[in-house]
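Every read-out reported here was derived from the displayed coordinates using simple, explicitly stated rules and does not represent laboratory data. Keep in mind the model is a prediction, meaning the values are calculated, not measured. Because the Cβ atoms are built from the backbone with ideal geometry, glycine has one as well, and the counts that use them run over all protein chains shown.
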Amino acid sequence: MHEMSLCEGILGVLQQQAKQQNYQRVKTVFLEIGALAGVEPDALRFSFDVVMQGTLAEQARLEILLVPGEAWCLGCGTAVTVQQLYDACPNCGSFQLQISDGQQMRIKELEVE
Ligand SMILES: [Zn+2]
């Protein structure tokens with residue numbers, strides 16, 4: 001399950017930030033996940049609780065902000081919303097889509113004390 005290693009990556013960032021910004025505890029993690037990032041929110045929540053046990057983020061709440069997938073269609077020259085990677089264009093059925101948004105996973109905001 002690659003959500004586990006994603007959470008370990010998040011923990012690494014939290015620990016690094018804690019040193020820089022001098023906080024003791026993370027209360028909430030606002031995580032932005034693109035619809036095309038290939039991340040399963042439920043699996044991520046589960047992994048988050050497991051990975052954060054015994055760390056500065058043990059009691060932290062995970063808030064997931066889903067970002068829709070967006071692409072530019074070369075077939076019809078329109079910006080379209082896509083649900084999955086390799087979907088066809090909803091307008092013209094072309095597969096020549098250039099993904100412009102929705103593949104990211106990043107920490108948007110932290111609530112700490
Ligand atoms: Zn199109």
Dipole of region 1-97 [Lys/Arg +1, Asp/Glu -1 at C-beta], most positive-end residue of Ser5, Gln17, Ala60: Gln17
Helix-derived mean residue ellipticity, 222 nm - over the chain, DSSP H n ≥ 4, -39500 (n - 2.57), to 500: -9500 deg cm²/dmol
Linear extension gain, Tyr86 paired with Leu66, 0.36 nm per residue minus alpha-carbon span: 5.3 nm
Under 5 Å, built H, 5+ apart or other chain: amide partners of Gly102: Glu70
3J(HN,Hα) from dihedral phi, region 82-93, Karplus parametrisation 6.51/-1.76/1.60, rounded to Hz, x for glycine, proline: 10, 8, 9, 5, 6, 6, 7, 5, x, 7, 10, x
Net charge dipole size for the chain [Lys, Arg +1 and Asp, Glu -1 on Cβ; Debye, nearest 20]: 240
Size-normalised alpha-carbon gyration radius of region 3-112, reference 2.2 N^0.38 Å: 1.30
